[in-house]
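Written below as structure tokens is the structure these notes are about.
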Amino acid sequence: MLQAPIVADRMVGVHAPIALAVVIPTRNEAGNVVSLLASLDAVLDGIVWEAIFVDDDSQDGTARLIREIGRTNLRVRVLQRVGRQGLASAVIEGMLATSAPVLAVIDADHQHDETLLPRLYAAVAEDGHDLAVGSRHAAGGGLGDWSSERRAASGLATALAHRLLATPLSDPMSGYFVIARGAFEEALPRLSGIGFKILLDIVASAPRPLRVVELPYVFRNRTVGESKLDLMVATEYLTLLLEKTVGRLVPVRLILFLMVGGLGLGVHLGVLGLVLATGLAAFVVAQGLAVGAAMTFNYALNNVFTYRDRRRRGWAFVTGLLSFYAVCLVGAAANVGVGSLIYEADQSWWLSGVAGAVIGSVWNFAASSVVTWRK
């Protein structure tokens, strides 16, 4: 039996209304949960608070541990999500699961300095700010023991946020902040919930300029567990930027789908040229092989990037590939049919080709969204 290390014997007015909800997204953080709760219990003494862990179906027993702690510690709850993941969407769900008027976000891995949390809370609850951000770039803050490559990547991401979204924050990449519920709810209808940068999402989605204060802290090194930083973090960040710049005009998924299609065209031409150059087959056979290779490539890449939140695995990957083939064959027929009709009426080969390609691509996107990667 797991033992709950923090018992609800120090509740500050057990019947008093909750003042602060601390939302903590987790994935495989069982080694950090107990020590984080002990730290929060120490620094938030005198504040009526609760901890809402949002766990993306960890395989190391994180949710089970939190649930066991919550049996005796009334401050602690866990939302366990199965079949979906993402820090931004986890934070949104955690904030919606509480009635607290002030909402905090902190990582479970101790990289955020929890001793700053009371000051962030006071800036919102007492000083009237909409948003208080723990900043690594404000005077007195720092990135800690980061490599030069990680510093450069963070600097580039920050520069893109400043240039494309005109964010007023010195550290828009921060994942450590406190926000008033009213400000969060104002931004909620426009939130994308994409990727890891929920702070940037909120600021870019707010219908009015927020009253913001930034307080410095030094980023710590992780001591337990593994970092979640990978190529997908960067991809989802770029997706968020697209969503907040052109996403209101053109669906971001469509943009990603077309970008993958452009890469697939390169695969098509590469396979076609290779087969013809080596004399392995006649043009008709080579074209068929190239089409199959391009469709398979497009499916695999879209499955990882465009539809990551609906990603198909195992046997579902195979059945999804077959349905994608079927969708694309219909799209190819639509491409040829529409192109032929326009050519017969206009005699413009390039207009016919473009129109057919557009119709085929839009069909492939719409149909695969419903059939292959349905929710």
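The values are calculated or read from the model by the stated rules, or taken from the named source; none is laboratory data. Only a predicted model underlies this, so the values are computations on that prediction, with no experimental measurement involved. Neighbour counts run over all protein chains shown; Cβ positions are idealised from the backbone, glycine included. Note: areas computed on protein heavy atoms with side chains; ligands, DNA, RNA excluded. Shrake-Rupley method; radii C 1.70, N 1.55, O 1.52, S 1.80 Å.
Here is how the numbers come out for the structure above:
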quantity	calculated
Heavy-atom SASA rank of Val218, Val291, Val213, Val124 (probe 1.4 Å, accessible area, largest first)	Val218, Val291, Val213, Val124
Theoretical gain in end-to-end length, Ser148 to Asp45 [0.36 nm per residue, Cα-Cα removed]	33.3 nm
Sites Ala366 and Thr245 - FRET efficiency at Förster radius 22 Å, r taken between beta-carbons, to 0.05	0.45
Compactness of the range 69-172 - radius of gyration and Dmax, Cα, Å	16.4, 48
Förster-model FRET efficiency, 35 Å R0, Ala300 and Leu188, C-beta, rounded to 0.05	0.55
Contour minus Cα-Cα distance for Arg71 and Val218 (0.36 nm per residue)	49.5 nm
In nm, spacing of pseudo-spin labels at Val284 and Ala332 (7 Å Cα→C-beta vector)	1.4
Per-pair calculated FRET efficiency, R0 = 51 Å: Arg310 and Ala122 via Cβ, rounded to 0.05	0.80
Glu344, Glu186, reordered so the largest accessible area comes first (probe 1.4 Å)	Glu344, Glu186
